[in-house]
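One structure below.
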Amino acid sequence: MMKISVRPLVEYVYRSGSIDNRFRTSSTLTDGTKAHQKIQKTYNEADQKEVFLKTEIECKQMTFVVEGRCDGLLALENELMIDEIKSTRGDLDEITADTYPVHWAQAKFYAYMYAREHEMNKMAVQLTYVQVDSDEKKSFQQQCSFDELDQFVQSVLEVFEPYARLLKNHREKRDQSIAVLKFPFENYREGQRKFAGAVYKTIADEAGLFANAPTGTGKTISTIFPTVKAIGEGLVQRFFYLTAKTITRKAAEETLGFMKGKGLHLSSVTITAKDKICFKEKTICQKDYCEFADGYYDRVNDGILDVLENETLMDRRTIEAYAMKHKLCPFEFSLDLAYTADAVIGDYNYIFDPRVSLKRFAEEQKKQTVLLIDEAHNLVDRARGMFSAELYKSVFLQVKRVFKGRNEGVVAKAKAVNDYLLKVKKACGVQESMVLDEFPEEFVEELRGFIEAAEKELVLQKDGDEQELLLEAYFTAQAFVRIVDLFDERFVTYVEYVKSEVRVKLFCLDPSHLLRKMGKGYRSKIYFSATLSPLSYFKDMLGADAEGDYTFSIPSPFASENAEVFIQPLSTRYRDREHSVNAIVKTFWDLLEKRPGNYLFFFPSYAYMRLVHEQFVEESDQDRGAEVAVDVLLQDGEMSEVEREEFLAEFREENEKSLAAFAVMGGIFSEGIDLKGDRLNGVVVVGVGLPQLSFERNIIKDYFNAEAKNGYDYAYVYPGMNKVLQAGGRLIRTEQDRGTIVLVDDRFLTPKYQKLLPAEWCDYRII
Ligand code: SF4
């Protein structure tokens, strides 16, 4: 037996053609709930709307329980008619009865389901297309006998059956494997059983969880294992493992691979960013340029069947191999597979970013899906970025110049946008940035005007650089206007200028509400991190449900003696940085002298890091170098993947000399780096990690002050301390690890910061 909704069923069977991300409006079918409702309001009293239909159909010895909700059931004089409403932003003249066979298929399925349940021998079927801007509509009708509908439904199911059977067999095998699956390690580590139990209970209770689970808790297995068990027990069907970084996605893949070795049969797909996984030099997703886009939808079902028959762990390499074999775009292929897999591993944005989130998950599927959100401390600022939009004046000025004599409509609208930005620049006066008092209604209207004029030009599909420029301006304006729909009192609009460039930004200050909205409908959301601290702050910023969500916090499973902690009470405030250099360099040398080994020295900025590094190297060339053998590494702002690997490879257990590696807090070496055993013997964290004072941070501060919260803590202190905890957290990765942590800043001794130190660092000595 297989339960399936009508829409995904017909979409699977009817997909064909090529990927085409060129500009087009005419075929852009939108959801248009409002347009649907407008049409439904015109129905007669005897007509019904949103009619739920469900029926069981046999095909090739398989039973399909098909369900769906048709938009309308119209009571005509002599017959009943199924009405399927579709809305579009395009021109209705371009839509004929044959344009979208998939729409007929959907409507006919509903007609069959109704006719069968009510023993009707015929039904009428109608497709109603509505233009959302003009409210114009256009309809097509067909009359169908029950036999015709029956034959039609059988023919569709015959195409679907191999895929359905594959999924059914897979799920049976999956559930059997989960039933006998034991925790894949010999013992639970301290805290691990409790954490795994909390995750399971959260899923069973359909709640959310905010978990501060320190390094050593084994957070990947502690979240995945109970979720897999919940799948086996039928509580849920799938989970998303969402992260901010590739390295954490690898950890999730490895955990699933390890569980596979212990007998687990579960399909997982890793989504890699489009520009990384693309087979071509440029991501121009059109059939004329890319052979993997050309005919993609004609071949994708074969590719899916092939990979599902042969693989369970579909990581980047597996996806690339099958995509190449079937001549498929690897990125689109991974997205299509994501809709069928039991586990999806990917970036936060596939769920939370309104611009790229996976849209095909029906509410019913969301209810059976768990979101595991790793390194959730990163999501606050990532979400601010996802829900904000900005644009630059120069793009529109260039469009105005380039289109002169080519398209006066585009010129006039680009000029209007440019003029508005000039006007606000003047209003800024001597300040270089300014928060607007009111939402820029007039500006958004100008942008909408520009979008309309640009569409008329772009629809002509001309080639050339000027079209590329217009497309860029068009997409920027579109992205901006889309964020306008989310804009509320949790946003501000600000303008900033440097010389003749003007930037305007819709800036999301508090992402909690939108994170809640994007995550709505999923059965459970588990937010976890080794540094989700203070928990109250993260619950607030990540949109916890005050009533229903759980929290979980456990101390580090490692003995506090593993790390010897020192605080050096020195001012590292901006104004004191130069004066602090000698004392910091002395601390480094003393450490290397008394406790030789591999060290990471973290700084709040590149400038400060270079200042100290310079002095350190100078001393190593002079007297100090003769006494202490040390190799020195310096992080660079633009390190490639290879350079990063080389940097980390220098941390060897058997190094003959000590190692002094200079890095920045919040950078690539301060999170997600696992230097176990003697690969790392000590960490020095200089400063309390405060983000640089900035216009944006100050807006955040003012906003939360006005909300009766501590704005300075929300904008500066908590994000800063998070970086300190992450950097310091590089040291003790296993029970066997030992080492030294030095925190350099007098603020660490003040009550505010003392409260934010983890328990295992509180037994410190003062230098
Ligand atoms: S392979 Fe690259 S260019 Fe081709 S469709 Fe995929 S992302 Fe686009």
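Which of the residues that make up region 281-303 are surrounded by 19 or more Cβ atoms within 10 Å (Cβ to Cβ) and small (Gly, Ala, Ser)?
Ala293, Gly303
Could you identify the single residue in Leu266, Leu235 that is away from the ligand (no atom under 13 Å from the Cβ), out of contact with any strand residue (DSSP E or B) (no Cβ under 7 Å at 6 or more places or on another chain), of a type in the set (A, V, I, L, M) and not in a helix (DSSP H, G or I)? Talk me through it step by step, then tell me what you get.
Working: Leu266 fails: out of contact with any strand residue (DSSP E or B) (no Cβ under 7 Å at 6 or more places or on another chain).
It is Leu235.
Would you confirm whether any residue within region 262-275 is surrounded by fewer than 20 Cβ atoms within 10 Å (Cβ to Cβ) and closer than 19 Å to Lys219 by Cα?
yes
Mind counting the residues in region 269-290 that are in a loop (DSSP other than H, G, I, E, B) and either among the hydrophobic types (A, V, I, L, M, F, W, C) or within 10 Å of the ligand (Cβ to nearest atom) (or both)? Give the derivation first.
So in region 269-290, the residues in a loop (DSSP other than H, G, I, E, B) come out as 271-273, 278-290.
With the extra rule that they be either among the hydrophobic types (A, V, I, L, M, F, W, C) or within 10 Å of the ligand (Cβ to nearest atom) (or both), the set shrinks to 271, 273, 278-287, 289-290.
Final tally of qualifying residues: 14.
May I ask you to list pairs of residues, at least six apart or on different chains, whose Cβ atoms are under 7 Å apart, with the first in region 91-102 being in the same structural domain as Lys137 (by TED's automatic domain parsing) and the second being open to solvent by 70 Å² or more (accessible area, probe 1.4 Å) and part of a loop (DSSP other than H, G, I, E, B)?
Matching pairs, first to second residue: Leu92/Glu136.
With the checklist (1) touching a residue at least 60 places away in the same chain (Cβ under 8 Å); (2) open to solvent by 60 Å² or more (accessible area, probe 1.4 Å) in hand, flag the one item Arg448 doesn't pass.
(1)
Test of understanding: among Leu242, Leu235, which residue is crowded, with 18+ Cβ neighbours inside 10 Å, not assigned by TED's automatic domain parsing to the domain that holds Pro758 and not polar (S, T, N, Q)?
Details: Leu235 fails: crowded, with 18+ Cβ neighbours inside 10 Å.
Just a single option satisfies the conditions, and that option is Leu242.
Does any residue of region 211-230 turn out to be in a strand (DSSP E or B) and among the hydrophobic types (A, V, I, L, M, F, W, C)?
Taking every residue of region 211-230 in turn, at least one turns out to be in a strand (DSSP E or B) and among the hydrophobic types (A, V, I, L, M, F, W, C).
Tell me, please, whether a residue that is in contact with a helix residue (DSSP H, G or I) (Cβ under 6 Å, 6 or more places away or on another chain) and among the β-branched types (Val, Ile, Thr) can be found in region 554-561.
Checking region 554-561: not a single residue is in contact with a helix residue (DSSP H, G or I) (Cβ under 6 Å, 6 or more places away or on another chain) and among the β-branched types (Val, Ile, Thr).
Pick from Asp353, Asp374: which is more than 16 Å from the ligand (Cβ to nearest atom) and either among the basic types (Lys, Arg) or in contact with a Ser or Thr (Cβ under 7 Å, 6 or more places away or on another chain) (or both)?
When all the criteria are applied, what remains is Asp374.
So which residues in region 538-549 are touching a residue at least 40 places away in the same chain (Cβ under 8 Å) and crowded, with 22+ Cβ neighbours inside 10 Å?
Phe538, Met541, Leu542, Ala544, listed by residue number.
Is there a residue in region 27-41 that is more than 37 Å from the chain's Cα centre (by Cα), closer than 21 Å to Val130 by Cα and at pLDDT below 95? Even if it seems obvious, please write down each step before you answer.
Residues of region 27-41 that are more than 37 Å from the chain's Cα centre (by Cα), as a first pass: 41.
If we keep only those that are closer than 21 Å to Val130 by Cα as well, we get 41.
Restricting the remaining residues to those that are at pLDDT below 95 gives 41.
Yes - at least one qualifying residue is present in region 27-41.
Among the residues of region 562-583, which ones are open to solvent by less than 10 Å² (accessible area, probe 1.4 Å) and touching a strand residue (DSSP E or B) at 6+ places or on another chain (Cβ under 6 Å)?
Val565, Ile567, Thr572
Quick one: count up the residues across region 316-332 that are within 11 Å of the ligand (Cβ to nearest atom) and out of contact with any Pro (no Cβ under 7 Å at 6 or more places or on another chain).
7
Across region 591-643, which residue is most open to solvent (accessible area, probe 1.4 Å) among those that are aromatic (Phe, Trp, Tyr) and under 21 Å from Glu671 (Cβ atoms)? Spell out the reasoning first.
Taking region 591-643 first, the residues aromatic (Phe, Trp, Tyr) are 599, 601-603, 606, 608, 616.
Those still in the list that are under 21 Å from Glu671 (Cβ atoms) too: 599, 601-603, 606, 608.
Numbers: Tyr599: 2, Phe601: 0, Phe602: 0, Phe603: 0, Tyr606: 68, Tyr608: 4 Å².
Taking the candidates together, the pick is Tyr606.
Filter region 359-374 for residues that are open to solvent by less than 20 Å² (accessible area, probe 1.4 Å) and at pLDDT below 95 and give the result.
Phe361
Of the numbered conditions (1) in contact with a strand residue (DSSP E or B) (Cβ under 9 Å, 6 or more places away or on another chain); (2) more than 30 Å from Tyr527 (Cα to Cα); (3) part of a helix (DSSP H, G or I); (4) not basic (Lys, Arg), Glu445 fails exactly one; give the number of that condition.
So the condition that Glu445 fails would be (1).
For region 106-151, name all the residues that are farther than 30 Å from Glu452 by Cβ, among the basic types (Lys, Arg) and either open to solvent by 50 Å² or more (accessible area, probe 1.4 Å) or not assigned by TED's automatic domain parsing to the domain that holds Leu74 (or both).
Within region 106-151, the first condition is being farther than 30 Å from Glu452 by Cβ, and the residues that meet it are 106-126, 141-151.
Remaining after also requiring among the basic types (Lys, Arg): 108, 116, 122.
Within region 106-151, Arg116, Lys122 meet the criteria.
Take Gly218 and tell me if it is open to solvent by 50 Å² or more (accessible area, probe 1.4 Å), small (Gly, Ala, Ser) and in the same structural domain as Tyr537 (by TED's automatic domain parsing).
Judged against the criteria, Gly218 is not a match.
If only one of Leu335, Leu313, Leu379 is within 16 Å of the ligand (Cβ to nearest atom) and either open to solvent by 10 Å² or more (accessible area, probe 1.4 Å) or under 30 Å from Gln726 (Cα atoms) (or both), which one is it? Give the derivation first.
Working: Leu313 fails: within 16 Å of the ligand (Cβ to nearest atom); Leu379 fails: within 16 Å of the ligand (Cβ to nearest atom).
Only one candidate qualifies: Leu335.
From Val417, Val495, Val430, which residue is of a type in the set (A, V, I, L, M, F, W, C), crowded, with 18+ Cβ neighbours inside 10 Å and either closer than 24 Å to Lys701 by Cα or at pLDDT below 90 (or both)?
Val495
What residue, among those in region 291-310 that are in contact with a Leu (Cβ under 7 Å, 6 or more places away or on another chain) and of a type outside the set (A, V, I, L, M, F, W, C), is nearest to the ligand (Cβ to nearest atom)?
Among them, the one singled out is Tyr296.
Of (1) within 30 Å of Glu311 (Cβ to Cβ); (2) in contact (Cβ under 8 Å) with a residue 24 or more places away in the chain; (3) surrounded by fewer than 23 Cβ atoms within 10 Å (Cβ to Cβ), Val356 satisfies all except one. Which?
Just one mismatch for Val356, condition (2).
Table: residues versus (1) within 24 Å of Asp678 (Cβ to Cβ); (2) modelled with pLDDT under 95; (3) not acidic (Asp, Glu).
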position	(1), (2), (3)
Asp713	no, no, no
Tyr716	no, no, yes
Val724	yes, no, yes
Arg738	yes, yes, yes
Asp745	no, no, no
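The values are calculated or read from the model by the stated rules, or taken from the named source; none is laboratory data. Just so it is clear, the structure is predicted and the values come from calculations on it, not from any experiment. No Cβ is skipped: glycine too gets one built from the backbone with ideal geometry, and neighbour counts run over all protein chains shown. Accessible surface is based on the protein model in full, side chains and every heavy atom, while ligands, DNA and RNA are left aside. Shrake-Rupley method; radii C 1.70, N 1.55, O 1.52, S 1.80 Å.
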